[in-house]
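See below for the structure under consideration.
The values are calculated or read from the model by the stated rules, or taken from the named source; none is laboratory data. Keep in mind that this is a model prediction, so the values were computed, not measured. As a convention, Cβ positions derive from the backbone with ideal geometry for all residues, glycine included, and neighbour counts pool all protein chains shown.
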Amino acid sequence: MSKKYVPRLQERYEKEILPAMAKAFGRDNRHSLPKLEKIVINMGVGSAIQEKKHLEVAVEAMADITGQKPIITNSRKAIAGFKLRENMPIGCKVTLRKQRMYEFLDRLISIALPRVRDFRGLNPDGFDGRGNYSLGLAEQLVFPELNPDKYTRPQGMNITIVTTARSNDEAREMLRLFGMPFRAASGTAGAA
């Protein structure tokens, strides 16, 4: 029987990152150390109000990026100024867990982020106070899975990395050990 497949980043987490965090935080119990819980990728497609095809293309692109079928998200309330009615489809999202989560994070860190134009590092302050990190990408074509001839309309996405960390500092240290390219904290707030 063949050996079960383990993503490269998951193996690194268990062999290198856990011992490094145990030493840094002064804890022996590996279950008290932070770990990744899930990654949620969300695309808001506001132009889907006028052009339904835009949402279909976004769903297809997200399926290509994540390897998982996205769910359609609907508007919660009507806003007349945007010609938006309640329960209109206006976006899509995917929740990744286990192996797919590690595979996506690996591709994000090693392939997609270096392809972002004028990239100077991620904002180290993008945490929510509970150890969860959010970042936004303005362009979906940084993922090499997407064919630029097929996806001509620029579409951004929000990526939220949910962790079990007790604080932002613990989560920041764990993501830094994973290889997240955080900007050096400079004291002045800059654009991401």
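What the table below lists for this structure:
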read-out: Members of the stretch 68-101 that are at pLDDT below 85, part of a loop (DSSP other than H, G, I, E, B) and either closer than 18 Å to Met157 by Cα or not polar (S, T, N, Q) (or both); value: Ser75, Arg76, Lys77, Ala78, Lys83, Arg85, Glu86, Met88
read-out: So Glu60, is it farther than 27 Å from Pro181 by Cα, surrounded by 13 or more Cβ atoms within 10 Å (Cβ to Cβ) and modelled with pLDDT of 85 or more; value: yes
read-out: Residue among Ile109, Ile161 that alone is in contact with a strand residue (DSSP E or B) (Cβ under 9 Å, 6 or more places away or on another chain) and within 30 Å of His54 (Cβ to Cβ); value: Ile161
read-out: Complete set of residues in the stretch 24-41 that are under 15 Å from the mean Cα position of the chain (by Cα) and either of a type in the set (Asp, Glu) or crowded, with 19+ Cβ neighbours inside 10 Å (or both); value: Leu36, Glu37, Ile39, Ile41
read-out: Residue count, the stretch 126-163 (criterion: part of a loop (DSSP other than H, G, I, E, B), of a type in the set (S, T, N, Q) and touching a residue at least 40 places away in the same chain (Cβ under 8 Å)); value: 1
read-out: Some residue of the stretch 113-121 being touching a Phe, Trp or Tyr at 6+ places or on another chain (Cβ under 8 Å), in a loop (DSSP other than H, G, I, E, B), of a type outside the set (Val, Ile, Thr) and surrounded by 12 or more Cβ atoms within 10 Å (Cβ to Cβ); value: yes
